[in-house]
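Asker: Let me begin by handing over the structure; questions about it come next.
Derivation of every value follows stated rules applied to the coordinates shown; laboratory data play no part. From a predicted model like this one, the values you see are computed outputs, not experimental measurements. Cβ coordinates were reconstructed from backbone atoms using ideal geometry, including for glycine residues, and neighbour counts include every protein chain displayed.
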Amino acid sequence: MERGKISKILDISWRFGVTTASNDCDNVAKSFLQLKLCLEDDGIVKNVFTEMTIGQFYKFLHDLEKAKCNIDLLLYPFGKIWSCETCPLLLRVFCNTGRHHNIMEYSRGNVPSNELQIYTWMDATLREITGLVKEVNPDARSKGTYFDFSLVTPELRNSGYRMREIGVTCSGQKGADDNKTLAQARFTIGDYLDISITPPNRMMQPAVRRGGLRQY
């Protein structure tokens, strides 16, 4: 779709999510909307996915009205609910700079500090989760910052946990793991997500270099 060109919008769906970051000093909560737009552009129908804040969504609707878009869905001010039949799950995320947390920090009911809680769905991608982490972590917004994702899962044999790498993303670059979903990573309720955040001025670890990233 060309910049500045308005496509015909056939359908709008949305769903609501919340991220909550906590540390020793304060709690930060941010609300967001995930939109799925069905567009017709030069006779080609395609789906476009995007995220925006509540304020950005109101502006989006206002801009549609100003452009006099013919959308029957605006009989409902928010379109229809996408995936309303599926309740969001609580994803507990723990970020660390330069390395993953020690697996022993997940033991005897303890977890690392600076927890990020995200209410999302099993089809959330690593790229989407990266964007939510950046929303509440300004230090992670620099282009070239790497996000190395691992699942922390219960080890039933010894009542402990084990860590398993599931993918890598990078700010400002496309990668093979961007569209991997929680379901594809075999996430299950009760798992934690541990993210090693590597700033661009630090040397990448070998596991990061295997991510197949390219600039866009």
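Asker: Between beta-carbons, use under 11 Å as the cut-off and find the net charge around residue 96, counting Lys and Arg +1, Asp and Glu -1.
Answerer: -2
Asker: Along segment 183-199, what does the Karplus equation 6.51 cos²θ - 1.76 cosθ + 1.60 (θ = phi - 60°) give for ³J(HN,Hα), rounded to whole Hz, x for Gly and Pro?
Answerer: After applying 6.51 cos²θ - 1.76 cosθ + 1.60, I find 4, 5, 7, 6, 5, 10, 4, x, 6, 10, 10, 10, 10, 8, 9, 10, x Hz.
Asker: Let me ask something additional. What does the C-alpha gyration tensor say about the overall shape of segment 89-202? Classify as rounded when a/c is under 1.5, otherwise prolate if a/b is larger than b/c, or oblate.
Answerer: Prolate, because a/c is 1.5 or more and a/b exceeds b/c.
Asker: Modelling each spin label as a point 7 Å along the Cα-to-Cβ direction, I'd like the residue 156/residue 201 distance in nm, to one decimal.
Answerer: Placing both labels 7 Å along Cα→Cβ, they lie 4.8 nm apart.
Asker: Of 155, 105, how do they rank once you tally other Cβ atoms within 10 Å and put the fewest first?
Answerer: 155, 105
Asker: May I ask you to derive the FRET efficiency for residue 105 and residue 176 from their Cβ-Cβ distance with R0 = 41 Å, giving the value to the nearest 0.05?
Answerer: Between residue 105 and residue 176 the formula returns 0.90.
Asker: Would you tally the net charge around residue 107, using a Cβ to Cβ cut-off of less than 13 Å, leaving residue 107 out, and scoring K and R as +1, D and E as -1?
Answerer: 0
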